[in-house]
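> Okay, handing you the structure first.
The values are calculated or read from the model by the stated rules, or taken from the named source; none is laboratory data. Bear in mind the structure is a predicted one, so any value in this text is a computation, not a measurement. Here the Cβ positions follow ideal geometry from the backbone for every residue, glycine too, while neighbour counts run over all protein chains shown.
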């Protein structure tokens with residue numbers, strides 16, 4: 001049982017799907033820094049499926065979320081070639097049509113998942129996220145930003161994943177995503193070095 005909890009198997013894990021991309025050209029121009037972007041999705045049975053409204057979600061969160069955090073962080077690290085290759089991260093959950101969006105939120109928005117993913121990725125930033133309720137096969141876009149400096153605009157980007165047969169109505173797809181660097185040919189500056197821009201100044205400049 002300890003091994004099952006460590007790997008996430010105790011969460012009724014049906015499958016794991018990994019999507020990786022590397023952009024080499026942007027508008028025909030070579031990308032200055034080739035970045036690998038990865039999303040890893042774990043398809044699990046919704047632990048609250050068939051139980052109508054459940055007021056207290058905490059017991060299932062504590063039982064399921066840490067194992068998912070370990071599983072997905074481990075796959076990201078493996079796919080990117082080491083934790084030091086993770087520069088940006090994000091998370092997401094997709095609930096099947098018979099579940100509540102709150103079910104997915106419960107699994108990714110508490111410390112039982114978020115702190116595990118953050119610590120294993122060696123990050124300090126709040127983890128940017130998306131969540132939704134969708135039919136099986138619908139694509140999900142996951143935002144990511146810098147794992148230790150969320151104001152670093154160059155690392156604002158998205159990763160998309162689609163699992164053809166998930167989520168089934170009684171399932172949840174939990175996703176962790178990461179990037180090894182910035183957007184292709186990023187060049188719009190940084191929030192920390194931006195000038196002060198006020199609406200009144202823009203109106204006066206017309």
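> Give the residues of the range 37-60 that are more than 19 Å from residue 130 (Cβ to Cβ) and touching a helix residue (DSSP H, G or I) at 6+ places or on another chain (Cβ under 6 Å), sorted by residue number.
Those that are more than 19 Å from residue 130 (Cβ to Cβ) and touching a helix residue (DSSP H, G or I) at 6+ places or on another chain (Cβ under 6 Å): 47, 48, 57.
> Another one. Taking residue 149, is it surrounded by 15 or more Cβ atoms within 10 Å (Cβ to Cβ) and either touching a strand residue (DSSP E or B) at 6+ places or on another chain (Cβ under 7 Å) or within 29 Å of residue 192 (Cβ to Cβ) (or both)?
yes
> Now, a different point. If you take just the strands (runs of 3 or more DSSP E) that sit entirely in the range 127-200, which of them hold at least 2 residues that are farther than 25 Å from residue 78 by Cα, in contact with a helix residue (DSSP H, G or I) (Cβ under 9 Å, 6 or more places away or on another chain) and at pLDDT 95 or above?
Numbers: elements: 128-133, 140-146, 157-161, 171-179.
Where strands (runs of 3 or more DSSP E) fall fully within the range 127-200 and carry at least 2 residues being farther than 25 Å from residue 78 by Cα, in contact with a helix residue (DSSP H, G or I) (Cβ under 9 Å, 6 or more places away or on another chain) and at pLDDT 95 or above, they are 128-133.
> Out of 24, 80, report the one residue that is surrounded by 12 or more Cβ atoms within 10 Å (Cβ to Cβ) and modelled with pLDDT of 95 or more.
80
> Given the residues 114, 104, which is the only one that is closer than 22 Å to residue 81 by Cα, in contact with a strand residue (DSSP E or B) (Cβ under 8 Å, 6 or more places away or on another chain), at pLDDT 95 or above and part of a helix (DSSP H, G or I)?
It is 114.
Conditions tested, residue by residue: (1) surrounded by 13 or more Cβ atoms within 10 Å (Cβ to Cβ); (2) assigned to a loop (DSSP other than H, G, I, E, B); (3) over 17 Å from the mean Cα position of the chain (by Cα).
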site	(1), (2), (3)
48	yes, yes, yes
53	no, yes, yes
59	no, no, yes
62	no, no, yes
66	yes, no, no
84	no, no, yes
91	yes, no, no
98	yes, yes, yes
